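Read the structure below first, then the notes.
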Amino acid sequence: EDQVTQSPEALRLQEGESSSLNCSYTVSGLRGLFWYRQDPGKGPEFLFTLYSAGEEKEKERLKATLTKKESFLHITAPKPEDSATYLCAVQFPPSYNQGGKLIFGQGTELSVKP
Amino acid sequence: SQTIHQWPATLVQPVGSPLSLECTVEGTSNPNLYWYRQAAGRGLQLLFYSVGIGQISSEVPQNLSASRPQDRQFILSSKKLLLSDSGFYLCAWSVRGSFSYNEQFFGPGTRLTVL
């Protein structure tokens, strides 16, 4: 069965303490891997798309990387405003009638203390 | 730019009552549309997706149904709500293409509590 696993479930950091979140997957024929940020009570906000192993994307203090079986979201010198739940999702191989379905991981809840 | 709306934002309904949640997208045409449910503020479960008007695919058998009466409108319904239907319901859209699909963009969500 295709699965997406995120670790750790929760991460507490001090402001400025860099770390990484992990997303591993068993989907065959990955079409794309997506990272989202979700604040409490709100819809997920799109961050990055990664399509092939070795690809990297950056946005402010966040950098996402992709290998053949996992992705990392690196957070450099985090600030309290980076506190949120980070979700990753993978996409099945394309099919006209499958609408680009995504499988989501359970998320990592990040808390950054000042 | 594209915008996605959902309403209502919050809803409290008794068990056995009907449900209608609405989602509309602005600024794009022929989008793929999706309904997700999120329990306990974590993983998202895909409920329905649609690649065009009147075309609905169901992912999870349950007492919910979906309809797409217009190109940019997606409705989630139920005839009789169960306690287990409580959750955070999210609508999303993506650019439609025959063999390549792009990232999904989410609406603000509807918090449903069934009592």
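Please work out which one of (1) touching a residue at least 24 places away in the same chain (Cβ under 8 Å); (2) closer than 22 Å to B:Arg96 by Cβ is the condition B:Ser20 fails and give its number.
The failed condition is (2).
Could you check A:Ala89 against (1) within 26 Å of B:Leu47 (Cβ to Cβ); (2) modelled with pLDDT of 95 or more; (3) small (Gly, Ala, Ser) and say which number it fails?
Status for A:Ala89: all satisfied but (2).
Scanning for something outside any loop (DSSP other than H, G, I, E, B), among the aliphatic types (A, V, I, L, M) and facing another protein chain (nearest Cβ under 10 Å), does the range A:66-78 turn up at least one residue? Even if it seems obvious, please write down each step before you answer.
Residues of the range A:66-78 outside any loop (DSSP other than H, G, I, E, B): A:66, A:70-75.
Still in the running and among the aliphatic types (A, V, I, L, M): A:66, A:73, A:75.
Narrowing the set further to residues that are facing another protein chain (nearest Cβ under 10 Å) leaves none.
The answer is no; no qualifying residue exists.
In the range B:23-42, what count of residues is obtained for those that are of a type in the set (Gly, Ala, Ser) and farther than 17 Å from B:Trp93 by Cβ? Even if it seems obvious, please write down each step before you answer.
The initial filter retains those residues of the range B:23-42 that are of a type in the set (Gly, Ala, Ser), namely B:27, B:29, B:39-41.
Keeping just the survivors that are farther than 17 Å from B:Trp93 by Cβ gives B:39-41.
So the count comes out to 3.
Which one of these does A:Ser52 not meet: (1) within 14 Å of chain B (Cβ to nearest Cβ); (2) under 11 Å from A:Cys88 (Cα atoms)?
Condition not satisfied by A:Ser52: (2).
Here's the yes/no breakdown for (1) within 12 Å of chain A (Cβ to nearest Cβ); (2) closer than 24 Å to B:Gln2 by Cβ:
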site	(1), (2)
B:Arg37	yes, yes
B:Phe48	yes, yes
B:Val51	yes, yes
B:Gln55	yes, yes
B:Leu64	no, no
B:Ser67	no, yes
B:Gln70	no, yes
B:Gln73	no, yes
B:Leu76	no, yes
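Whether any residue in the range B:96-107 is free of Cβ contacts under 8 Å to residues at least 40 places away in the same chain and under 13 Å from the mean Cα position of the chain (by Cα) is what I want to check. Write out each step before concluding.
So the first thing to find is which residues in the range B:96-107 are free of Cβ contacts under 8 Å to residues at least 40 places away in the same chain, and the list is B:97-100, B:102-103.
In the following step, the residues that additionally are under 13 Å from the mean Cα position of the chain (by Cα) were identified as none.
No, the range B:96-107 contains no residue that is free of Cβ contacts under 8 Å to residues at least 40 places away in the same chain and under 13 Å from the mean Cα position of the chain (by Cα).
Just need a number here: residues in the range B:92-115 that are surrounded by fewer than 17 Cβ atoms within 10 Å (Cβ to Cβ), modelled with pLDDT of 85 or more and assigned to a loop (DSSP other than H, G, I, E, B).
2
Would you point out the residue of the range A:9-26, among those that are away from every other protein chain (no Cβ under 13 Å) and within 12 Å of the chain's Cα centre (by Cα), that is farthest from A:Ile75 (Cα to Cα)?
Taking the range A:9-26 as the starting set, the residues that turn out to be away from every other protein chain (no Cβ under 13 Å) are A:11-22, A:24-26.
Now narrow it down to the ones that are within 12 Å of the chain's Cα centre (by Cα): A:20-22, A:24-25.
Values: A:Ser20: 6, A:Leu21: 8, A:Asn22: 11, A:Ser24: 17, A:Tyr25: 21 Å.
Only one residue tops the list, namely A:Tyr25.
Would you confirm whether or not the range A:27-35 contains a residue that is surrounded by fewer than 15 Cβ atoms within 10 Å (Cβ to Cβ) and under 15 Å from the mean Cα position of the chain (by Cα)? Don't jump to the end; show me each part of the working.
Going through the range A:27-35, the residues surrounded by fewer than 15 Cβ atoms within 10 Å (Cβ to Cβ) turn out to be A:28-29.
Narrowing further to those that are under 15 Å from the mean Cα position of the chain (by Cα): none.
No, because not a single residue in the range A:27-35 is surrounded by fewer than 15 Cβ atoms within 10 Å (Cβ to Cβ) and under 15 Å from the mean Cα position of the chain (by Cα).
Name the single residue, out of those in the range A:55-65 being in contact (Cβ under 8 Å) with a residue 12 or more places away in the chain and within 14 Å of chain B (Cβ to nearest Cβ), that is surrounded by the most Cβ atoms within 10 Å (Cβ to Cβ). Steps first, answer last, please.
Step one: list which residues in the range A:55-65 are in contact (Cβ under 8 Å) with a residue 12 or more places away in the chain, which gives A:59, A:61-65.
Remaining after also requiring within 14 Å of chain B (Cβ to nearest Cβ): A:59, A:64.
Details: A:Lys59: 11, A:Ala64: 24.
Checking each candidate, the answer is A:Ala64.
The values are calculated or read from the model by the stated rules, or taken from the named source; none is laboratory data. Just so we're clear, the structure is a prediction, and the values are computed from it rather than from any experiment. Glycine also receives a Cβ, built like all others from the backbone with ideal geometry; neighbour counts cover every protein chain displayed.
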